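Structure first, commentary second.
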Amino acid sequence: MGNYQSNIEPLNDLCPISLKEINKDCIILKCKHIYDPFSIQKYCYRNLILNKENLCPICRKKLTNYDLKKIYKKWLLIDLKYDNWNQSNVFDLFYISEYSCKINTMKLDNDIILIQPLFYFDGKYSPVMITSGFIKSLKKVVINKESPLYKNRKTMYGEFLDDITIKYKSSFISEREYLDYFYYLCRIIPEYRYNGKQIIRNSINEIFFYIDNVENVISYDVNEGDMKEKFIHKTRSCNVLFSTYLLYYKKKLNVINKIYSIIYN
């Protein structure tokens, strides 16, 4: 019978989202419209986490499960910016361990390997954001800004991870919350899956967060009833909304917890 996609005659020869010429990696929907994989995946994922229906951007026909499986077959996105704590892809540290996980690997510039954890929800493996629960006040940590890890890095799809400019350290208020974080790391870090018990005996109750642009972080203050559309550092306990990715450089692992939003209590 042959490949279904190869038997479809597409209706367009440019991706209507990116306006790029179509290549052999294109996604052809059942409605016969054709898209660049990166662009249609980004479009669909935004709709997914905002609880909007996924329709073909051209003809507005509803995408089938067959279409969505093709779109998400290989994950391409690494830098989505959202700050709504009630989105469908936001999970508490305690509950994320209940979801199946797999890792998505990409090679970046400067011989850096990026690993992005994907969790299975809403019928597909997707990136998630995590709520830390209330932790102790953040303390600023000096980082080596000349390191390739913290400079602009670019994927083969032209997507950038911006310079990391600020690093903070904190610790969990209770041992239970720290253990939830450690179990989360065991799910996403290959080395931890098999040596978790030994690692936790030598581990310290701490968590590190990173910020690439203070203007991209939303800060809330419960006591003052205030919200700022930028990162505000306060020496009080807080709850952080973050996503995690792993960077390997010269065989050394770096866990990057990127902050999207913060609530001070």
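Please state the charge dipole magnitude for the range 5-71, taken about the Cα centre, from unit charges on C-beta atoms (+1 on K and R, -1 on D and E), reported in debye and rounded to the nearest 20. For the range 5-71, the charge dipole is close to 300 debye. Here the Karplus relation 6.51 cos²θ - 1.76 cosθ + 1.60, evaluated at θ = phi - 60°, turns the backbone of the range 119-126 into coupling constants of 10, 8, 8, 6, x, 7, 7, 9 Hz, with x for every Gly and Pro. In order along the range 211-225, the phi-based Karplus estimate (6.51 cos²θ - 1.76 cosθ + 1.60, θ = phi - 60°) of 3J(HN,Hα) comes to 10, 9, 8, 4, 6, 9, 10, 9, 10, 10, 10, 5, 5, 8, x Hz; Gly and Pro are listed as x. Near LYS169: Cβ cut-off under 13 Å, other residues only, Lys/Arg at +1 and Asp/Glu at -1. The net charge is +3. Among the chymotrypsin sites (Phe, Trp or Tyr not before Pro) in the range 81-144, those located in a DSSP loop and surrounded by at most 14 other Cβ atoms within 10 Å of their own Cβ are TYR99.
Values (i) 6, 27, 33, 22, 10, 3, 0; (ii) 6, 22, 27, 19, 10, 7, 5, 3, 1, 0; (iii) 7, 30, 36, 20, 7, 0 are given for comparison; P(r) over Cα pairs in 10 Å bins from 0, in percent, derived from the coordinates here, is the one labelled (i). When the range 90-264 is described by a simple charge dipole with +1 on each Lys and Arg Cβ and -1 on each Asp and Glu Cβ, the residue from TYR99, TYR183, SER126 located farthest towards its positive end is TYR183. Under a Gaussian network description of the chain, with springs only between Cα atoms under 10 Å, the residue in ILE96, ILE27, ILE17 that fluctuates furthest is ILE17. Looking at the chain as a GNM with Cα springs under 10 Å, which of ASN216, ASN239, ASN195 has the largest mean-square fluctuation? Of ASN216, ASN239, ASN195, the most mobile in the Gaussian network model is ASN195.
When the pairs LYS24/LYS70; LYS30/LYS102; LYS107/LYS167; LYS140/LYS234 are compared against a 18 Å limit on Cα-Cα distance, LYS30/LYS102; LYS107/LYS167 fall above it.
For the chain, what does -39500 (n - 2.57) per DSSP helix run (n ≥ 4), summed and divided by total residues, give at 222 nm, in deg cm²/dmol to the nearest 500? Intermediate results must be reported in sequence, preceding the final value.
Working: 5 runs with 50 residues, N = 265.
Value at 222 nm, helices only, nearest 500: -5500 deg cm²/dmol.
Karplus-derived 3J(HN,Hα) values for the range 179-185, using 6.51 cos²θ - 1.76 cosθ + 1.60 with θ = phi - 60°, are 4, 4, 5, 5, 5, 4, 4 Hz; glycine and proline are entered as x.
Every number here is computed from the coordinates shown, using simple stated rules; none is lab data. Everything numeric in this text was worked out from a predicted model, so none of it was measured. No Cβ is skipped: glycine too gets one built from the backbone with ideal geometry, and neighbour counts run over all protein chains shown.
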